[in-house]
Amino acid sequence: MPLSALSASRAATRLCAQCRVTPRATQALFSTSAPAHPLSPQPRACRQQTQTQKPQSPSRARYISWTAARRADAASSSARAAAASEAAPAPHATYYDLFPQSLPDGPPPRGPFAVDVRALRREFLQLQARAHPDIQPFEHRTRAQSASAHLNEAFRTIADPLLRAQYLLSLRGLDVAGDETGQVADMELLADVMEAREEIEEAQGEEDLVGPREVNDGRIEESVEALERAFEEDDMDAAKKEAVRLRYWFNIKQCLHDWEPGKPVELHH
């Protein structure tokens, strides 16, 4: 074999070691009928190995990394969007529908007027933790803020017996808060209110308010019990009348709480 062909054969043997090409096959490739120049084209197996082991350019590596990051962000955003969709409350007929665990029977007369406020608060906090705007994707925060505000209003309304009664009456088309006629129709009620106001104005110290506070708390308790009976019996006239009374007792309670020596007593009806 000529010297040049021998050198090429040895070089090919070393070059093709990883391709598992036998020396005999290599010699056949570089026989006297094949090009003997050392720079002759590599066998196909060698070309494939070389292409496989060819390092990526920095720009291509950055592109692949950027693409992978975009895909990961898209997957994460989709997961957050799905969680937000599940957490955000859907439109409901009433505030009661927002709290199926603590208010499973819904509003009266199906469900009771009385509410377990501690259970209601627990469910409210769980719902708020899932729907809070700070944990939602940016594109869903406006909707999450609206859902969070809706939950706050629903909890505040149902937890308070006066707001709860007014809300239940509003579902029947009765506006107690804006009905001035109903507020002044009960003259006996107004007499009791004026007497309570005079006691607060004549008080010289906190000790003078102990009795009025106990009396007023008893009035509130009686009104709440009367509301429970009225809503249980689906008697909206009685419920409306008692809601007006309860509103006055709550106003007096606020005046007792805000009392200061010499401060005028203002009842907001």
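The values are calculated or read from the model by the stated rules, or taken from the named source; none is laboratory data. Remember, predicted model here, so these are calculated numbers, not experimental data. Counting neighbours? That spans all protein chains shown, and the Cβs are built from the backbone with ideal geometry, glycine included.
Taking the stretch 154-177 only, how many residues are of a type in the set (Val, Ile, Thr) and modelled with pLDDT of 95 or more?
Number satisfying all stated conditions: 2.
Starting from the stretch 156-174, keep only residues that are surrounded by fewer than 16 Cβ atoms within 10 Å (Cβ to Cβ) and small (Gly, Ala, Ser), then list their pairs with residues that are outside any helix (DSSP H, G or I) and modelled with pLDDT of 95 or more whose Cβ atoms are within a distance under 9 Å, requiring at least 6 positions of separation or different chains.
Ala159/Val115
For residues that are in a helix (DSSP H, G or I) and surrounded by fewer than 17 Cβ atoms within 10 Å (Cβ to Cβ), tally how many sit in the stretch 197-221.
14
Quick check: is even one residue across the stretch 208-223 in contact with an Asp or Glu (Cβ under 6 Å, 6 or more places away or on another chain) and under 30 Å from Asp105 (Cα atoms)?
Yes, because at least one residue in the stretch 208-223 is in contact with an Asp or Glu (Cβ under 6 Å, 6 or more places away or on another chain) and under 30 Å from Asp105 (Cα atoms).
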